[in-house]
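The values are calculated or read from the model by the stated rules, or taken from the named source; none is laboratory data. Here the structure is a predicted model, which is why all the values come from computation and not from measurement. In this analysis, Cβ positions are derived from the backbone assuming ideal geometry, glycine residues included, and neighbour counts consider all displayed protein chains.
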Amino acid sequence: MRMLSVTAILTLFLLALTGTRSGSAQDHPVEEELQSLDRLLSVRVSTASLYSQLASEAPASVSIIGADDIARFQIRTLAELLSHVRSFYLSDDRNYEYVGVRGFGRPTDYNNRILLLWNGHVLNDNLYSSSALGFDFSPDLNSVERVEIVRGPGSPLYGANAMLAVINIIGKTGAEVNGLEASGEYGSGAYARGSVMYGTQTAGGVDAVVSGSWMDRRGFDLYFPAYDDPATNNGIVRDAEREQAVGATARVAYGDLTFMSVFSSRSKRIPTASYGTVFGDNRARTEDRRWALQLEYAGALSPSLRLSGRISFDAYDYSGVYPYEYLQFDGSWGRWWTGRVHAQWDTHESNRFDAGVEFRTNPRADYRVWALETYDYARNAPFDVASLFVQDTYQILPEMSVSLALRADHHSVTGWLLSPRLAVVANPGARTTLKALYGEAFRAPSMYELYYEEGEGLVSNPSLRPERVRTLELTGEQRISNVTYAQVSVYQFSMWDLIEQTTLQGEAIGQHKNIGSTHARGIEAELITRTPAGHTASLSVGTQSGEGIGLRPELVNSPRTIIGFSASVRFLERCEAAVRARYETGRWTIGGMKTDPSFIVNAFLTVARIAGHVDLCCAARNIFDVQYAFPGGLEHLQDQLVQDGRTVALKAIVRW
């Protein structure tokens, strides 16, 4: 593998040295070279306020990961992408990947405290409220123009699950793709992936883009000390990580109408013997399939009044195979329809008022467990959610605005919930922005948490209350020079009525319960540099302190400090080298142990526009082969789960 990495890097450098010099704007666009930081800061976002605005104007702390960063750091999944964002951190139980935000990330929470959007369409499912971040969400990120990450409570505009952050994936338009693109990649662990994308804009005004991707990965043989016994192959599992995925997206826009669809399917073997299954049995696996269809209208009724509406259909299917003395199966089937109308009225030049209604009906939220042709559990729990939201943004001074948002959600199971937000955004100088932010959000208990039962091991709890969070944040943004920009945020949040699985007092029976509250505070800072020559660098630091839940002094799976660094350099006309480094302090585990601190360095090399059409890329992840682990969940015998060492991948992209 070491020889493969050296050969790959030398090959790419030779191609760069022998390639012809074109000197055209196609290699390095003039606008990007002359105004690289201006270009970054002028990107408009729509997630924070439901309309397009500069990130500095948004009533939230916002980060943007653009297509250029996705390409230079060869980002493959949303989880990888979020590891590039300050104060976000990952966990991986070798089945699914999870994200924590600002020190809060419960093991095996299915990412149900963040809201995931695709072009504004909510992707969280209606059974576990989960958002998929690994290859279980498998559309090709080459089709993404940018990802908008909005920290803090998002429920005032989006409703349930937007407790810690809202992540909105904005796909490329047909005009931006403007042709055909195909890619192929191969790397360590027999990882192979391919993708194809086509986009166009016709003379008649139809803008269309379609993309598809597939992935196949064998994975690695793994060693788990908790199973180090001759009866369990001395803790070694072989060929137990096989993963396969396909994904596709489509978008067609004409005039004020836009049709969009997303599809993702993945199958993954489980190597950890979770839930007490037979160690080393390769039949253990999960399969996830998601798809969404949406039709949207967005138009202006007058210069000051805009109206949008959408109707969508979503589906989520899950199946699992768990080998015990016999095979046990479980499966979930979710189906839901959503309708939404949103009106935006500029009452005068200094005030914008938004109002909207949304209705979501969930005719199928079905979960079943069976073995030996007998159902152990089967229940469909349909539910409805009706919502009303308003937002008003008033420019009280030329350099100061106030934004107030309020949303009321009625859940047919848990009742009414109100979510307010108040933000003050000030620009005391041409290069300075200050924000004072207050917000509340909630997560309704999922159908799985409310109703699932497992013989004598787990009982349902239909009386669960929604989780709540309240956040206060002060943010400063400063352009230091023509090439350097800085952000600093100080925040605190309180969460209560947290839902987790616990053991009933005096009994060996589990139940999901509202277990208590936690409080946390922290500070995060980021420095970004982008030069006219196209070189980039960023440094982020985040530190936080949170109270433990129950009798624990500190939060589980919560790194106290996270430091991230990235840089890229362009050279030899068409080459770009990039590095990404990340340091985390250790995290407490469920078993009361602490993981070791980790320092992971990834390196990337891209040679662009060979013969005008081909990009060649090389990625070396965890180049120092650091051995590190993440905390396991309640379903694991392992207190800590080992992660991958050094991996290498080669990729080719062809454009016509």
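Before moving on, here are some points about what is shown:
Condition check ((1) part of a helix (DSSP H, G or I); (2) under 30 Å from Gly522 (Cα atoms)) across all residues:
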site: Asn142; (1), (2): yes, no
site: Val147; (1), (2): no, yes
site: Ala160; (1), (2): no, yes
site: Ser183; (1), (2): no, no
site: Ser195; (1), (2): no, no
site: Gly199; (1), (2): no, no
site: Val209; (1), (2): no, no
site: Ser213; (1), (2): no, no
site: Gly219; (1), (2): no, no
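- In this structure, Pro553 does not qualify as touching a helix residue (DSSP H, G or I) at 6+ places or on another chain (Cβ under 6 Å) and surrounded by fewer than 18 Cβ atoms within 10 Å (Cβ to Cβ).
- The lone exception for Phe279 - which of (1) assigned to a strand (DSSP E or B); (2) crowded, with 17+ Cβ neighbours inside 10 Å; (3) of a type in the set (A, V, I, L, M, F, W, C) it fails: (1)
- Criterion: over 30 Å from Val490 (Cα atoms), surrounded by fewer than 19 Cβ atoms within 10 Å (Cβ to Cβ) and among the charged types (D, E, K, R) - qualifying residue of Arg570, Arg621, Arg646: Arg646
- Pick from segment 592-614, criterion touching a residue at least 60 places away in the same chain (Cβ under 8 Å) and buried (at least 17 other Cβ atoms within 10 Å of the Cβ), ranking: nearest to Leu539 (Cα to Cα): Asn602
- Of the candidates Arg521, Arg552, the single residue that is basic (Lys, Arg) and closer than 29 Å to Gln478 by Cα is Arg521.
- Residue check for Glu287: in contact (Cβ under 8 Å) with a residue 40 or more places away in the chain, among the acidic types (Asp, Glu) and surrounded by 16 or more Cβ atoms within 10 Å (Cβ to Cβ): no
- Meets criteria (free of Cβ contacts under 8 Å to residues at least 24 places away in the same chain and polar (S, T, N, Q)) for Asn124: no
- Of the listed requirements (1) of a type in the set (Val, Ile, Thr); (2) surrounded by fewer than 22 Cβ atoms within 10 Å (Cβ to Cβ); (3) within 15 Å of Glu145 (Cβ to Cβ), Thr77 misses just one: (3).
- Taking segment 625-634 as the range and being in contact (Cβ under 8 Å) with a residue 24 or more places away in the chain and part of a loop (DSSP other than H, G, I, E, B) as the test, the residues that pass are Val626, Tyr628, Gly632, Gly633, Leu634.
- Qualifying residues in segment 593-622 (those that are assigned to a loop (DSSP other than H, G, I, E, B) and within 24 Å of the chain's Cα centre (by Cα)) - the one nearest to Tyr98 (Cα to Cα): Thr595
For (1) buried (at least 21 other Cβ atoms within 10 Å of the Cβ); (2) of a type outside the set (Ser, Thr, Tyr); (3) closer than 21 Å to Ala603 by Cα, each residue gets a yes or a no:
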{"residue": "Gly66", "(1), (2), (3)": "no, yes, yes"}
{"residue": "Phe88", "(1), (2), (3)": "yes, yes, yes"}
{"residue": "Gly105", "(1), (2), (3)": "yes, yes, no"}
{"residue": "Asp109", "(1), (2), (3)": "yes, yes, no"}
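- Against the numbered list (1) crowded, with 20+ Cβ neighbours inside 10 Å; (2) among the charged types (D, E, K, R); (3) closer than 21 Å to Arg72 by Cα, Glu176 comes up short only at (1).
- For Leu127, the stated conditions hold: it is touching a helix residue (DSSP H, G or I) at 6+ places or on another chain (Cβ under 7 Å) and part of a loop (DSSP other than H, G, I, E, B).
- In summary, Gly550 fulfils each of the numbered conditions (1) within 30 Å of Tyr485 (Cβ to Cβ); (2) at pLDDT below 95 with the single exception of condition (1).
- From Ser195, Ser267, residue being under 27 Å from Arg76 (Cβ atoms) and in contact (Cβ under 8 Å) with a residue 40 or more places away in the chain: Ser195
- Evaluating Trp214 against the criteria (1) farther than 23 Å from Tyr316 by Cβ; (2) surrounded by fewer than 19 Cβ atoms within 10 Å (Cβ to Cβ) leaves one unmet condition, (1).
- Within segment 469-491, tally of residues that are charged (D, E, K, R), surrounded by 21 or more Cβ atoms within 10 Å (Cβ to Cβ) and within 23 Å of the chain's Cα centre (by Cα): 1
- Scan segment 112-123 for residues that are touching a Leu at 6+ places or on another chain (Cβ under 6 Å) and crowded, with 22+ Cβ neighbours inside 10 Å and the total you get is 3.
- Among all positions in segment 294-301, there is no residue which is surrounded by fewer than 21 Cβ atoms within 10 Å (Cβ to Cβ), out of contact with any Asp or Glu (no Cβ under 7 Å at 6 or more places or on another chain) and either of a type in the set (Ser, Thr, Tyr) or assigned to a loop (DSSP other than H, G, I, E, B) (or both).
- Condition met for Thr543 (closer than 15 Å to Val488 by Cα and without any contact (Cβ under 8 Å) to a residue 24 or more places away in the chain): yes
- Scan of segment 219-245 for residues that are surrounded by fewer than 16 Cβ atoms within 10 Å (Cβ to Cβ) and either under 22 Å from the mean Cα position of the chain (by Cα) or on the phi < 0 side of the Ramachandran plot (or both), ordered by number: Asp221, Tyr223, Pro225, Asp228, Asp229, Pro230, Ala231, Ile236, Arg238
- One residue from Gly542, Gly516, Gly546, Gly550 being more than 26 Å from the chain's Cα centre (by Cα) and within 23 Å of Phe630 (Cα to Cα): Gly550
- Elements of the type strands (runs of 3 or more DSSP E) sitting completely within segment 303-421 and holding at least 3 residues that are without any contact (Cβ under 8 Å) to a residue 60 or more places away in the chain and in contact with a Ser or Thr (Cβ under 8 Å, 6 or more places away or on another chain): these cover 305-323, 327-348, 351-371, 383-397, 400-411.
- The strands (runs of 3 or more DSSP E) located wholly in segment 44-123 that include 3 or more residues which are in contact with a helix residue (DSSP H, G or I) (Cβ under 7 Å, 6 or more places away or on another chain) and β-branched (Val, Ile, Thr) occupy 62-66.
- Scanning segment 327-344 for residues that are under 13 Å from Leu127 (Cα atoms) and in contact with a Leu (Cβ under 7 Å, 6 or more places away or on another chain) returns Ser332, Gly334.
Results for (1) more than 11 Å from the chain's Cα centre (by Cα); (2) at pLDDT below 95; (3) buried (at least 23 other Cβ atoms within 10 Å of the Cβ), shown as yes or no for each residue.
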site	(1), (2), (3)
Asn126	yes, no, yes
Ala132	no, no, yes
Asp136	yes, yes, yes
Pro139	yes, yes, yes
Arg146	yes, no, no
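- Of the listed requirements (1) touching a strand residue (DSSP E or B) at 6+ places or on another chain (Cβ under 8 Å); (2) of a type in the set (A, V, I, L, M, F, W, C); (3) within 30 Å of Tyr254 (Cα to Cα), Phe224 misses just one: (3).
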